[in-house]
Amino acid sequence: MSIRPTALLVLITAASSIAWQWPLHSQAPAFDIVIRGGRVVDGTGSPWFTADVGIRGDAIAAIQPRLDATGARVIDAAGLVVSPGFIDVHAHVEPRQGGEDMVGNPAAENNVRQGVTTVIGSPDGGGPVGVGGYLATVAAGRPAINVGAFIGHGSVRSAVMGQVDRAATPDELERMRELVRTGMREGAFGLSTGLFYVPGNYAPLEEVIELARVAGQFGGIHQSHMRDEASHVLDSVRETIAIGERGGLPTQVTHHKVIGKVNWGTSVDTLRLIDEARARGVDATIDQYPYTASSTSIQGGLVPQWAQAGGRQAMLQRLRDEATRGKVLAAVASSIETDRGGGDPGNVVLAACAWDPSLAGKSLAQVLRDRGRPVTIPGAAELVVEIIEKGGCSAVYHAISEDDVVRIMKHPATMIASDAAPGIPTFGRNVPHPRAYGTFARVLGRYVREKQVLTLEEAVRKMSAFPAQRMGLGDRGLLRPGMKADVVVLNPATIKDMATFDTPHQYAVGVAAVLVNGQVTLADGAMTGARAGRVLERTAR
Ligand SMILES: [Zn+2]
C-alpha cells in the first residue's frame, strides 16, 4: 500500500513541529564563523557588494546580505573589504640552509600579514626533485598557510647531469623526463624553469620543450624565469611562448620585468608578444612583483653562466687563471653597466653574506668606500669576484623602471606573485628584498589606492581567482559557497607595505583578519597561532 502525498505532508509537518518545540540553543549553529557586513570583493573582478560570509568547517557555506549568526563567532567587517585569501604562485619556500623556509618558519607571518593563504614553491627551476617527500615534510611541520610546489627543471637537470654546460644525451633526457613525470604524479603544479641560472641555462630550447610536454600531459603549466630579462628580453619572451606553443601546455613569464636602463620601455614589446601569442591560441600569461629592484645571488646575478660551469670548485679554478679571470671581470663589469647592476655600483646592495654578516645592507659602492678603494665599475667587478671567492652573497639590484612595472601590472594576463627570497624570512636577520613582507599589500596600497593603476577588484582578481585558475585550484581563489574558506578581511584605506629596501623586516599593515581553511589565523591584527594550512597537490585534469 502506498502513502498518499497528503499523508506524507502531514507526517513531515508533524515531525518539524516537534523539532520546532525544542529550545533553539540545542540546535547546531548554521555557521561556525560569520564575517559580518563587509564589502565582498569576491575575486572575479566584479564590483564589491555588501554581504555576510558564513563559514562552516573549512568551507564557505553562504554569502548573503544578512545571515543568522546565532552561535557563530562573528567577525565585524563593517567598512572593511572581505576577499579570497591571496595565492602566491612564485614563492621561494623550498628548503634552505638556515631554516628560512616553510619547515623552519611554518607560521609564515610575513605572508599571513599581507593576506597570503597559499604559496606555490620551487620556482625558477629550483626546489627538491622529490616532490612527494618534500610535501610530506612540509605537512608534518603544520604550516599556517597552504603549500604546493613545482618540479624544477634545473634541479632535475642537476640530478641527472650535474652542472655541465652541454646538451643532454638521449638517455639523460629520458631520465629527466622520468623525474618530471614522477614529480607531476606526486602533485607538482607544473615545470618551473630558470633558464637564466646554472644549470638551466645550459639547456637548449628543445630539451625544455620535451620536459614541458611531460608536465603538460599531467595538466601542469610551465613557468619560466627567462634566459634573459635585459638586452635579450624579447628573445626570451619568444622562447617562453615557444615552450608553451610547442610543448602543448600553458606557459607563464614569471616575475616579468625589464632590467637595465638601456632596456627600459621594452615592456611595450614584451606585452605585444604575449598578446600576439594569445591571439593565435597560445595560453601565455605573466606574473609580477611590484618593485623596481630584483634580488638573487651575486654569482647568479652578475657572473656569466659559462664561468660557473662544473660547480663552485671549477669556477674558482677558472678565476685563478689570469686570462680567464680577466674575461670574467669584463663580463661582470658589463652586467653592472647595462644589466642587473643598473649602471652604478651603488645600485647593487648586498642582502646576506654568510661569511661576513656585517656586509648586509651595504652597496658595492659603500663597501668600496669603506675599504678606501675608488668607486668605479671595474673596481666593483673586482669586488664582486672577491666576494664570490669568499663564499658569495645574495643581493638586491636596483635596475627596473616603474613605468615598466605599471605597464606590466595593468596587463589583463598579469597576476601578482612575490618571488620572495627567502620566502619565509627570519624576522630581523639580514637585509632581504622587501617583497617577502610587502608584495601584496604594496599592490593594494601603492598601486590601487595611491596611484590608481588598478581597481581594488582587479587587483584582488590578480591575487586570487586568476592564480587559482592558473594552478587548477578549483576550490580556492573565489568567495562562493562551497569554496574552501581562505578569507582575508582588510582595510582598503590603510593597507600598506611597511618593508623598505633599507629596513625590510616590517610586516604589512591593514589586514585585520585572515582565515585559512576556515581557521582564524589572524584576528584583530594579531596572529592566533592557528596552523591550518594544507599541502596542495595539482589534481590531474
Ligand atoms: Zn626568478
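Looking only at residues in segment 237-259 that are surrounded by fewer than 21 Cβ atoms within 10 Å (Cβ to Cβ) and among the small types (Gly, Ala, Ser), which one is farthest from the ligand (Cβ to nearest atom)? In this case the residue turns out to be GLY248. Where strands (runs of 3 or more DSSP E) sit wholly within segment 72-125, those with at least 1 residues that are within 16 Å of the ligand (Cβ to nearest atom) occupy 86-88, 116-121.
Would you confirm whether or not segment 286-298 contains a residue that is farther than 22 Å from GLY342 by Cβ and away from the ligand (no atom under 15 Å from the Cβ)? Looking for residues that are farther than 22 Å from GLY342 by Cβ and away from the ligand (no atom under 15 Å from the Cβ), one finds none in segment 286-298, hence no. For segment 256-283, filtering for residues that are touching an Asp or Glu at 6+ places or on another chain (Cβ under 7 Å) and under 16 Å from GLY190 (Cβ atoms) leaves 1.
One line per residue, one yes/no per condition, for (1) under 33 Å from the mean Cα position of the chain (by Cα); (2) touching a residue at least 12 places away in the same chain (Cβ under 8 Å); (3) not in a helix (DSSP H, G or I):
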{"residue": "LEU319", "(1), (2), (3)": "no, yes, no"}
{"residue": "ARG325", "(1), (2), (3)": "no, yes, no"}
{"residue": "VAL332", "(1), (2), (3)": "yes, yes, no"}
{"residue": "GLY342", "(1), (2), (3)": "yes, yes, yes"}
{"residue": "GLY346", "(1), (2), (3)": "yes, yes, no"}
{"residue": "ALA354", "(1), (2), (3)": "yes, yes, yes"}
{"residue": "GLY361", "(1), (2), (3)": "yes, yes, yes"}
{"residue": "ARG369", "(1), (2), (3)": "no, no, no"}
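Within the set ALA69, ALA30, the sole residue that is in contact with an Asp or Glu (Cβ under 8 Å, 6 or more places away or on another chain), of a type in the set (Gly, Ala, Ser), assigned to a loop (DSSP other than H, G, I, E, B) and open to solvent by 30 Å² or more (accessible area, probe 1.4 Å) turns out to be ALA30. Among the residues of segment 289-296, none qualifies, meaning not one is closer than 15 Å to VAL384 by Cβ, surrounded by fewer than 18 Cβ atoms within 10 Å (Cβ to Cβ) and at pLDDT 95 or above. Here segment 396-418 is the region considered, the condition is being open to solvent by less than 10 Å² (accessible area, probe 1.4 Å) and not β-branched (Val, Ile, Thr), and the residue that is farthest from THR118 (Cα to Cα) is ALA399. The set of residues from segment 435-477 being in contact with a Pro (Cβ under 7 Å, 6 or more places away or on another chain), under 20 Å from VAL147 (Cβ atoms) and either surrounded by fewer than 22 Cβ atoms within 10 Å (Cβ to Cβ) or polar (S, T, N, Q) (or both) comprises THR439, SER464.
Taking each residue of segment 403-419 that is touching a residue at least 40 places away in the same chain (Cβ under 8 Å) and looking for partners that are among the small types (Gly, Ala, Ser) and part of a helix (DSSP H, G or I) with beta-carbon atoms closer than 7 Å, six or more apart or interchain, yields ASP404/SER267; ARG407/SER267; ILE408/SER267; SER418/ALA436.
Just one residue in the set GLU100, GLU109, GLU94 is touching a residue at least 24 places away in the same chain (Cβ under 8 Å) and more than 30 Å from GLU458 (Cα to Cα); that residue is GLU100. The numbered conditions (1) assigned to a loop (DSSP other than H, G, I, E, B); (2) surrounded by fewer than 19 Cβ atoms within 10 Å (Cβ to Cβ) are all true for ALA62 except (1). Of everything listed in (1) at pLDDT below 95; (2) within 14 Å of the ligand (Cβ to nearest atom), the single unmet condition for VAL262 is (2).
The values are calculated or read from the model by the stated rules, or taken from the named source; none is laboratory data. The structure displayed is predicted, hence computed values, not measured ones. Note: ideal-geometry Cβ built from the backbone for every residue, glycine included; neighbour counts use all protein chains shown. Just the protein is used for accessible areas: all its heavy atoms, side chains included, with ligands, DNA and RNA removed. Shrake-Rupley method; radii C 1.70, N 1.55, O 1.52, S 1.80 Å.
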